[in-house]
Each structure stands twice: as structure tokens, then as C-alpha cells.
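Chemist: Pasting a structure here, questions to come.
Rule-based calculations on the coordinates, nothing more; no lab input. Bear in mind that the values here come from a model prediction, so they are computed numbers and not experimental data. Note: ideal-geometry Cβ built from the backbone for every residue, glycine included; neighbour counts use all protein chains shown.
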Amino acid sequence: MYRIAGIDVHKRMLAVVITDVAVEGEYRFERRKVGTSPSEICRLEEWLVAEQVEEVVMESTAQYWRPVWATLERVWRPKRLQEGGAKAGKLHLAQAQSNRGASGRKKDFPDAERLVKRLVAQELKLSFVPDVEQRLWRTIMRRKHQLTRNRVQFQNRLECLLEEAHIKLSSLVSDLLGKSARRILRAVAEGATSPEAIAALADHRLRATAQQLCDALGACRDLHPVYRQLLKMALEELELMEEQIDKLDQEMASLLSAHQDVVQRLAEVPGLGVDSAQQIIAEVGPAAAAFPSAKHLASWVGICPGEEESAGVNYSYRPKATGR
């Protein structure tokens with residue numbers, strides 16, 4: 001007897017099926033619908049143990065699989081696992097595309113049953129799910145990546161606001177969020193009206209002349225208070241984003257303190273730095289142990305061409321991506 005459970009994951013409900021894959025002939029599935037609250041997932045774990053389930057496969061539906069995975073990973077302990085079973089207690093996460101059924105035939109329990117059948121037939125594409133610690137690294141670095149993207153979008157919105165107010169500062173400074181530009185924008189937000197006094201706040205290394213800056217800031221003489229208020233709010237938003245990024249940097253440095261030597265070695269690679277090294281380690285782990293070889297890692301990252309040939313013509317001369 002060897003029993004496997006398949007879980008079709010939804011936001012509020014799990015469609016769970018269990019069958020013995022060691023029997024000959026057609027599989028006979030037991031079905032049950034389970035909620036996704038913590039207490040109901042714990043009851044699911046008790047049912048899996050009572051039914052002597054050895055492996056569980058679920059579909060990677062949005063982010064809804066995460067609490068199910070985390071709870072089972074933490075509390076599910078099959079009896080055979082305690083006896084040293086090789087695969088007992090194994091969780092599998094299937095890519096949704098590899099479990100698609102025929103068009104117009106999507107149903108919860110049949111989808112869960114198909115997961116089990118395709119897992120046994122080795123037809124599923126399974127996703128790599130790192131351990132709890134590495135998932136925490138990923139969460140932090142991906143949140144930092146989102147904030148960094150927000151900062152770029154913020155710069156575009158800020159430039160749009162300045163153009164609307166007819167303040168042509170972005171035409172004269174290379175970095176609208178640099179130190180010189182910030183001093184100027186803060187003065188404008190606080191009510192400064194003299195273009196000459198505001199222009200004097202610029203760094204002396206700025207290529208623009210004082211006359212050019214005064215001309216670009218001429219609208220400050222009679223700038224509407226609404227624009228000053230919006231500019232003040234924008235600068236506060238920028239400071240909050242940068243404060244959050246700094247906190248994430250500190251948190252990540254603390255979490256990776258045990259792997260500091262790996263971070264330093266990776267940061268020494270030309271074109272990389274500490275931030276890039278931390279991102280790479282968060283995604284693949286400090287030793288990239290999930291990949292059998294460097295070729296597998298390069299393929300997963302998407303920096304090597306595939307192998308697609310037809311009639312002697314190779315159509316895979318370009319990498320599919322520059323990174324993940």
C-alpha cells in the first residue's frame with residue numbers, strides 16, 4: 001500500500017483526494033473538501049496521517065498554496081517517515097500549466113485526481129520550494145525589489161508633477177532624486193519663492209549655471225500652494241520608501257550573517273555587488289544545492305539558449321531571459 005493525496009488549491013477551499021497508487025487497475029479516490037483556515041488545515045493533516053498518506057502533491061495556485069504548504073511542512077509527519085521511509089512526508093508543488101485538462105473540463109476533484117495520476121506518471125513539472133529560512137530571504141529581497149521599482153516609478157511621477165508646475169529642474173540635473181535636486185525641491189515645498197536663493201542650494205559641481213537654474217525655477221515666484229503641498233507629500237513618500245529599503249537591507253544582512261563569506265565572494269564578481277549577491281543567494285541558496293550542475297543553474301536562470309531544431313535549422317540561438 002502506498003497512498004498519495006492530491007490537493008486542488010483555492011482561496012477558501014481545498015479539494016483533496018487520496019488514493020492507493022500501489023493497487024492495480026483504476027485508482028479509487030476518497031474525496032473531501034477542506035477549508036483553508038489554520039484550524040481546518042490542521043484537521044487536514046490529521047486526516048492525512050489517519051489515511052496513511054505518504055506523499056502530497058498540490059497545484060501552485062497564485063499565492064494560496066503557500067499557507068497550505070507551510071502548515072503541512074511544519075506539522076505533517078506520516079508514520080512511515082518515523083520508520084525511515086525514503087519518500088514519506090514528501091510535498092510536491094506542481095506548475096499549474098502542467099496539470100491543465102481538456103478545455104471545458106475543469107472541475108475541482110478531477111483536477112486533484114489528475115495531479116496524482118500525472119505525478120505517478122512523472123508528467124508534472126514540479127517547482128523547487130526552498131526551506132523556510134530561504135523562503136524568508138526571498139520574501140525580503142522581493143519586497144525590496146518592489147520598493148526599488150516603486151522608487152523608479154515615483155521619480156517619473158515626480159517629474160510629471162514638476163512639469164505640470166512648470167518647474168524645469170529635470171532638464172538640468174542628471175538625478176532628480178540626488179542631493180542637489182532634493183535640497184532645491186525641499187526649499188520649494190517649504191515655500192521658498194526666490195529662484196536665486198533656491199538655485200544657490202545646488203551643488204557647485206552641477207553643470208547647469210546659476211542663470212539656467214534661476215530660469216528653470218522661475219515658476220516658484222507665484223507657485224500655487226497646492227503644488228507645494230503635493231511636492232512636500234512626494235518628498236515624504238520618498239523618505240519613507242528609502243527608510244523601508246534601509247531596514248530591509250539591515251534585516252537581510254542579519255539573516256545572512258552566517259553566510260557572509262559567500263556574500264563577499266559573490267560580490268567580488270565583476271558587475272555584481274553586495275545587493276546583487278544577496279538577491280542571488282536568496283533565490284538559489286548559499287550553495288545552489290538544488291541544481292545538479294552549473295548548466296542546470298544557467299538554464300533555470302534563463303541565460304543559455306534552448307534546443308529547438310527543425311529541418312536542420314536551430315531556432316534557439318537566443319537566451320529566453322536575462323534573469324528571474
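Chemist: Compute the relative contact order of the chain as a whole-number percentage, counting only Cα pairs closer than 8 Å that sit 6 or more residues apart in sequence. Can you show the working numbers first?
Modeler: Values: 397 pairs, mean separation 36.7, N = 324.
For the chain, the relative contact order is 11 percent.
Chemist: Now a separate question. By what distance, in whole Å, do the Cα atoms of region 133-255 stretch along each of the three principal axes, largest value first?
Modeler: Taking the Cα atoms of region 133-255, the three principal extents are 55, 32, 19 Å.
Chemist: Right, here's the next one. Counting residues in region 3-120 as N, plug N into 2.2 N^0.38 Å and put the Cα Rg over that result. Let's see the in-between values first.
Modeler: Numbers: Rg = 13.4 Å, N = 118, 2.2 N^0.38 = 13.5 Å.
After normalising by residue count via 2.2 N^0.38 Å, the value is 0.99.
Chemist: Helix-only mean residue ellipticity at 222 nm, the chain, DSSP H runs n ≥ 4 weighted -39,500 (n - 2.57), per residue, nearest 500. What is it?
Modeler: Rounded to the nearest 500, the figure is -15000 deg cm²/dmol.
Chemist: Quick one: longest stretch of the chain between exposed loop chymotrypsin sites (Phe, Trp or Tyr not before Pro), exposed meaning at most 15 other C-beta atoms within 10 Å and loop per DSSP? Show your work: numbers first, answer last.
Modeler: On the way: sites that count: 27, 128, 315, 317.
That gives 129-314 as the longest site-free run.
Chemist: Turning to a different aspect of this structure: Hey, what does the equivalent ellipsoid look like for region 87-155, semi-axes from the Cα gyration tensor as sqrt of 5 times each eigenvalue, largest first, whole Å?
Modeler: Working through the eigenvalues yields semi-axes of 34, 19, 9 Å.
Chemist: Give me the log10 of I(q) over I(0) for the chain at q = 0.12 Å⁻¹, as the Debye formula computes it from C-alpha points; what are the numbers?
Modeler: So the normalised log intensities are -0.97.
Chemist: Expressed as a whole percent, how much of the Cα-Cα distance distribution for region 260-314 exceeds 12 Å?
Modeler: 71 percent
Chemist: Which links in 179/232; 90/117; 11/144; 11/107 stretch past 19 Å when you go from one Cα to the other?
Modeler: From the list (179/232; 90/117; 11/144; 11/107), the Cα-Cα distance tops 19 Å for 11/144.
Chemist: Kindly work out what percent of the DSSP beta bridges joining two residues of region 3-120 are antiparallel, to the nearest 5.
Modeler: The answer is about 55 percent antiparallel.
Chemist: Okay, next question. Helix by helix, which DSSP H runs in the chain go 27 Å or more along their axis at the Cα atoms and have an average Kyte-Doolittle hydropathy of -1.0 or more? Present the calculation step by step, with values, prior to reporting the outcome.
Modeler: Details: long enough: 132-164 (48 Å, -1.12); 225-255 (45 Å, -0.32).
Sorted by number, the helices that extend far enough and score high enough are 225-255.
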